[in-house]
Amino acid sequence: MNLFGRQSSRAEDRFEAWLKRMHQERVLSGETEPAGPCPDEAFLQGVARRSKKISLSDPRIDHAANCAICMNRIMATRQNIRTERRKLAFGLAAACLVVVAGVAGWSRHEMHHRQTMACVAPVSAIVDLWNTGTYRGEQPGQLQSVSLPSAPVRLTIILPRFSSPGQYLIAVTRDQNGNGVIAEGFASTTASNGQERVSLDLDLRSAKAGEYFLSTTHEQDQAAYYYPLRIKDRASK
Ligand SMILES: [Zn+2]
C-alpha cells in the first residue's frame, strides 16, 4: 500500500524533484517573466489536482510555471490536498491502533509471553543512503543492500543527497510496489552535518528472514523510493 499514490524507484526522479524545487524558488522570487495573463482559479485548481483534462501544451501551463502568483495558488491548493491525505492516513493509523488495543485487551490472558517480547529493547541501526542513487542512469541492482534484524528496530536513516527536509513515510515492504507492508511510520527530518536524517521505531518481528524493500516517501514529492533490504533472523545477526 502506498499512501501517497504515485511510486517510483528511479534515482533520476529525485534529481528531477530537486531541479523542480530550484525552478520553483526562482519563480517565487520573481526571477522569471510569465507570458500572458493569469488563468482563472478553476484552471489552476485543475493543475494542482493534476487533472487529465488539462493538456501540457496549453499555453496557460507555460504561464503558470513561470508566474509567482499562479505558482503560489497552485502550491496552496496542493498543500490542502496533502493535508486532507495526511488526515486520512493518520485517521487510518489511529483506527488501526484502536483495533490493536481492542484485540490486546480481549486476549489479555495470552498476553504474558508477548508482553515479555514487547519489553525487548529495540536494536539500534543506522542506514546510510547518502551516496545512494545520486548518479543518473544508475541501475537499482547497483544500490547497496541494507540489512536489519527481525526485531524491534530503532532506525536512523541518513537520506540521500538532494533529499528535501520535511516529513517522510518510512516503510518496510515485501515488494517494490509497496505491497505487503511489514512496518511503517512517519518521521520528520533533522539536519546533521549537512545531511538530512529521519529516526523512528519499526517493529520487524513479524518479518521472516529474507529479501524486502525499505521505502522513503516525502510528503511533498509524493514519490516513493525503494531500497533493497535483507532481514535476518535475530539470532543469526
Ligand atoms: Zn499568473
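The values are calculated or read from the model by the stated rules, or taken from the named source; none is laboratory data. Remember, it's a predicted structure, so these values are computed and weren't measured experimentally. Positions of Cβ are backbone-derived with ideal geometry, glycine not excepted, and every protein chain shown enters the neighbour counts. Ligands, DNA and RNA are stripped out before the accessible areas are found, and what is left, the full protein with its side chains, is counted by its heavy atoms. Shrake-Rupley method; radii C 1.70, N 1.55, O 1.52, S 1.80 Å.
Observations, loosely collected:
- Candidate set from the stretch 24-37 (those that are open to solvent by 60 Å² or more (accessible area, probe 1.4 Å) and within 24 Å of residue 83 (Cβ to Cβ)); member that is farthest from the ligand (Cβ to nearest atom): 25
- The stretch 219-230, residues that are crowded, with 22+ Cβ neighbours inside 10 Å and of a type outside the set (Phe, Trp, Tyr): 221, 224
- Pairing residues of the stretch 204-215 that are over 11 Å from residue 173 (Cα atoms) with residues that are in a strand (DSSP E or B), at Cβ distances under 6 Å and at least 6 apart in sequence or on separate chains, gives 209/231; 209/232.
- Every listed requirement among (1) more than 11 Å from the ligand (Cβ to nearest atom); (2) farther than 26 Å from residue 219 by Cα; (3) open to solvent by less than 70 Å² (accessible area, probe 1.4 Å) is met by residue 77 save one, (2).
- Residue in the stretch 80-107 that is nearest to the ligand (Cβ to nearest atom), counting only those that are of a type in the set (Val, Ile, Thr) and within 23 Å of the chain's Cα centre (by Cα): 81
- Residue 164 meets all of the listed conditions (1) modelled with pLDDT of 90 or more; (2) under 23 Å from residue 93 (Cβ atoms) but one, namely (1).
- Considering residues of the stretch 38-58 that are over 24 Å from residue 85 (Cβ atoms), within 16 Å of the ligand (Cβ to nearest atom) and without any contact (Cβ under 8 Å) to a residue 24 or more places away in the chain only, the residue most open to solvent (accessible area, probe 1.4 Å): 40
- Sole residue being modelled with pLDDT under 90 and in a helix (DSSP H, G or I), chosen from 74, 81, 69: 81
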